[in-house]
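Colleague: My structure is below; once you've seen it, I'll send some questions.
The values are calculated or read from the model by the stated rules, or taken from the named source; none is laboratory data. These figures come from a predicted structure and were not determined experimentally. Methodologically, a virtual Cβ is constructed for each residue, glycine included, from the backbone with ideal geometry; neighbour enumeration extends over all protein chains shown.
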Amino acid sequence: MKARKQIFLLALIIWMIIIFGFSNQNVVSSLSLSDKVASKIIDIVVKVKEKEITPQEKAKMVKNTRLIVRKTAHFTEYFILGILVFKIFEMYGVKRVLVYSIIFCFLYACSDELHQLFSNGRTAKVLDVLIDTSGSVLSIICLQFIKKRKLKINSEKELNHFD
């Protein structure tokens, strides 16, 4: 169990560094990465639909999907953060794991947005904190539901065992 705790703690630290790294990108690098992801997604959709588009159409589509890609990335980064934080708090026996996990992720989202103020051309947005926190909250609530469901199933098995 000790090794498992250490692995999860290391995964959390690495994930927080990854989030920090994305926030540390200047505005040009950040937009470029978002556009590359949007371009790949568009390539897949075009291939699946067996459709051809001009480079100008593709550029317009990339520009139109950039915001969705960026906000989905925020949500996903923090969805994963929520999982890692919840599991670590659970492993270390933290009481009220749901509440403390949400608080931790919210505070990290706030610090992440503040950090962006120091990255060239980047800004801090309350909307991004809300999106980040929403991603964390969703994963944390899902894990809490699974945890309670497992406890219910195990207690039902115990009750049935005595019948």
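Colleague: Which pairs have Cβ atoms under 8 Å, sit 6 or more apart or on different chains, and link a residue in region 26-43 that is over 22 Å from Ala124 (Cβ atoms) to one that is among the polar types (S, T, N, Q) and in a helix (DSSP H, G or I)?
Modeller: Ala38/Thr65; Ile41/Thr65; Ile42/Thr65
Colleague: Picking from Arg149, Arg122, which residue would you name as being part of a loop (DSSP other than H, G, I, E, B) and closer than 28 Å to Thr72 by Cβ?
Modeller: Arg122
Colleague: Quick test for you: out of Lys125, Lys147, Lys152, pick the one residue that is modelled with pLDDT under 90 and more than 16 Å from the chain's Cα centre (by Cα).
Modeller: Testing whether each residue is modelled with pLDDT under 90 and more than 16 Å from the chain's Cα centre (by Cα) leaves just Lys152.
Colleague: Next up: Quick check: anything in region 76-89 of a type in the set (Lys, Arg) and modelled with pLDDT of 95 or more?
Modeller: Yes - at least one qualifying residue is present in region 76-89.
Colleague: Looking only at region 60-104, how many residues end up being hydroxyl-bearing (Ser, Thr, Tyr), within 19 Å of the chain's Cα centre (by Cα) and under 22 Å from Lys2 (Cα atoms)?
Modeller: Total meeting the criteria: 2.
Yes or no, residue by residue, for (1) crowded, with 16+ Cβ neighbours inside 10 Å; (2) assigned to a loop (DSSP other than H, G, I, E, B); (3) out of contact with any Cys (no Cβ under 7 Å at 6 or more places or on another chain); (4) not polar (S, T, N, Q):
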residue: Glu52; (1), (2), (3), (4): no, yes, yes, yes
residue: Lys60; (1), (2), (3), (4): no, no, yes, yes
residue: Asn64; (1), (2), (3), (4): no, no, yes, no
residue: Val85; (1), (2), (3), (4): yes, no, no, yes
residue: Tyr100; (1), (2), (3), (4): no, no, yes, yes
residue: Phe104; (1), (2), (3), (4): yes, no, yes, yes
residue: Asp112; (1), (2), (3), (4): yes, no, yes, yes
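Colleague: List, please: which pairs have Cβ atoms under 7 Å, are six or more places apart or on different chains, and start with a residue in region 108-120 that is closer than 12 Å to Ile19 by Cα and end with one that is of a type in the set (D, E, K, R) and surrounded by fewer than 20 Cβ atoms within 10 Å (Cβ to Cβ)?
Modeller: Glu113/Lys125; Gln116/Arg122
Colleague: Right, another one. Being surrounded by 13 or more Cβ atoms within 10 Å (Cβ to Cβ), in a helix (DSSP H, G or I) and either of a type in the set (Val, Ile, Thr) or touching a residue at least 60 places away in the same chain (Cβ under 8 Å) (or both) narrows it down to one residue among Ile80, Ile17, Ile13; which is it?
Modeller: Ile80
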